[in-house]
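Notes to accompany the following structure.
The values are calculated or read from the model by the stated rules, or taken from the named source; none is laboratory data. Model, not experiment: these values are computed from the prediction. For neighbour counting, all protein chains shown are included, and Cβ atoms are generated from backbone atoms with ideal geometry for every residue, glycine included. What goes into the accessible areas is simple: the full protein's heavy atoms, side chains included, and nothing from ligands, DNA or RNA. Shrake-Rupley method; radii C 1.70, N 1.55, O 1.52, S 1.80 Å.
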Amino acid sequence: MTNASNTTKEAPTAGDLAALRRRLEGWARELGFEALGITDLDPGPHRAYLEAWLAAGHHGSMLWMERHKALRTDPTLLQPGTLRVLSLRMNYLPAGDTPEAVLANPRKAYIARYALGRDYHKVLRPRLARLAERIEREVGGQHRALTDSAPLLEKAYAEKGGLGWIGKNTLLLNQEAGSWFLLGEILSTVPFPVDAPSTGDPCGSCSRCLTACPTDAFLGPRQLDARRCLAYQTIENRGPIPEALRRPLGNRIFGCDDCQLVCPFTKFAQATTEPDFAPRHDFQDGELLAFFRWDEATWEARTAGSPLRRPGFEGWLRNVAVALGNAPFDREIIAALEARRAEASPLVREHIDWALGEQAAKAPGK
Ligand code: B12
């Protein structure tokens, strides 16, 4: 993002940068971010944690987590000359949301709250780029904006930048926002003053997230085996959902928020004011049967610009079929599953057959 004018700028003094640091907070808020934190590039123990996680295969089929592992803890490989990581957070929880009520209704579809509105990559990245441009106009340097779009241990750098602490559910938590926010970064070649890292462990002896996980995906505090996580199974896994995880999936057709919903800090969560994160269609509390009856064209139209596109239409049908198997006995559900069976792909058909078996097992008199 370098242009001729800023390369000749006089190097800013430490005082200039400290003053600019204070103004950055306001610029970030103007762009919809709740907070900003700045840190250096040292990943501390996180490189070893990542290595151990990959070595244990806890990343499952997310080979992209392994492919660029060196970059994740060395931002200079993403942008030579980088000296600082600027981390920013943006709330995404819709106002007046009642996720627990949806989760408790087996005929409804539970969709992770971060996916109810517009794809956050499309929301955060242009804003980060605008902030980077504004910084460059002020003090020059090179800057690269990213949110999950490039390999970086976002939570580790955000924690070191003082935005919050990594909770036992491995998410970044903040006293004012729980974990209902998304992260984005700007890599900078400008030696901004670094912020104080978050210290201490406000989780203390609480382990509600660990016990609430419907599939026991946590091996211990801050250690997640992604292969057992329903977010991984419904979003990232392109193959069959392991049978042992199908009943625990319940009605969660995309992502999972259970380890967030039980967290005592989420009661401090602030609702988003970001229009792009407003729930679309009836993703907030839609009917499983209605979603299962969508044809591909409807699915494409309704999921345009949404994170829901990631597992594809086949993944969508696979996930909804499992949730229908977990719903109470219902002849309408059986009819819908049978109606779709003939034209289904082998992957979807296998999950439809599983769901029909579950429904049959719940038939009256069984
Ligand atoms: C891969 C990935 C996933 C995978 C794996 C999750 C995971 N924990 O690794 C899956 C698909 C399961 C997933 C699920 C979700 N994800 Co995700 N995901 C990512 C991604 C791309 C990389 C995460 C990563 O680096 N994992 C590597 C492993 C090794 O890290 P880790 O498990 O987090 O463990 C770290 C800590 O525990 C830490 N640690 C600290 N102390 C200690 C102590 C010990 C002893 C150990 C061992 C480790 C440890 O070290 C590890 C490395 O930093 C990030 C974006 C990014 N580029 O960072 C988004 C990201 C973490 N995801 C995000 C979200 C919102 C989610 C979901 C909530 C979505 C949903 N509702 O379904 C769930 C939450 C599940 C959960 N509890 O983590 C947000 C989280 C925002 C926040 N507030 O923290 C991120 C930051 C994306 C973004 N840009 O906003 N995700």
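Couple of notes before you dig in:
- Charges were assigned to the Cβ only: +1 to each Lys and Arg, -1 to each Asp and Glu. The resulting dipole of region 208-361 about its Cα centre is roughly 420 debye.
- Look at the alpha carbon pairs under 8 Å that are at least 6 residues apart: their mean separation over the length of region 208-361 gives a relative contact order of 25 percent.
- Label-to-label distance, nm, for residues given as Thr98 and Asp74 (7 Å Cα→Cβ offset): 5.3
- Positive-pole candidate from Ala335, Leu245, Ala361, dipole of region 208-361, charges at beta carbon: Leu245
- Simple Cβ-charge dipole of the chain, Lys/Arg +1 and Asp/Glu -1, about Cα centre, in debye nearest 20: 140
- Note on the chain: helix-only mean residue ellipticity at 222 nm, from DSSP H runs of 4+ residues weighted -39500 (n - 2.57) and normalised by residue number, equals -11000 deg cm²/dmol.
- Solvent-accessible heavy-atom area per residue, rounded to whole Å², over the chain at 1.4 Å: 43
- Signed unit charges on C-beta, dipole axis of the chain, positive-most listed residue Met65, Gly305, Phe268: Met65
- Two-site FRET efficiency, Arg247 against Ala56, from Cβ-Cβ distance with R₀ of 25 Å, rounded to 0.05: 0.45
- Cα→Cβ-extended label distance, 7 Å offset, between Arg137 and Gln175, nm: 3.5
- Considering only Gly315, Ser149, Ala278, the residue lying farthest towards the positive end of the dipole of the chain is Gly315, judged by Cα position with unit charges set on Cβ.
- The count of lysine pairs in the chain that are at least 8 places apart or cross chains, and whose C-alpha atoms lie under 22 Å apart, stands at 8.
- Rounded percent of accessible protein surface that carbon and sulfur make up, the chain, 1.4 Å probe: 53
- Partnerless cysteines in the chain, where a partner means another cysteine C-beta under 4.7 angstrom, comprise Cys203, Cys206, Cys213, Cys229, Cys256, Cys263.
- A Förster radius of 25 Å, combined with the Cβ-Cβ distance separating Thr199 from Arg310, puts the computed FRET efficiency at roughly 0.10.
- Simple point charges give the picture: +1 on the Cβ of Lys and Arg, -1 on the Cβ of Asp and Glu, and for region 5-136 a dipole about the Cα centre of about 420 debye.
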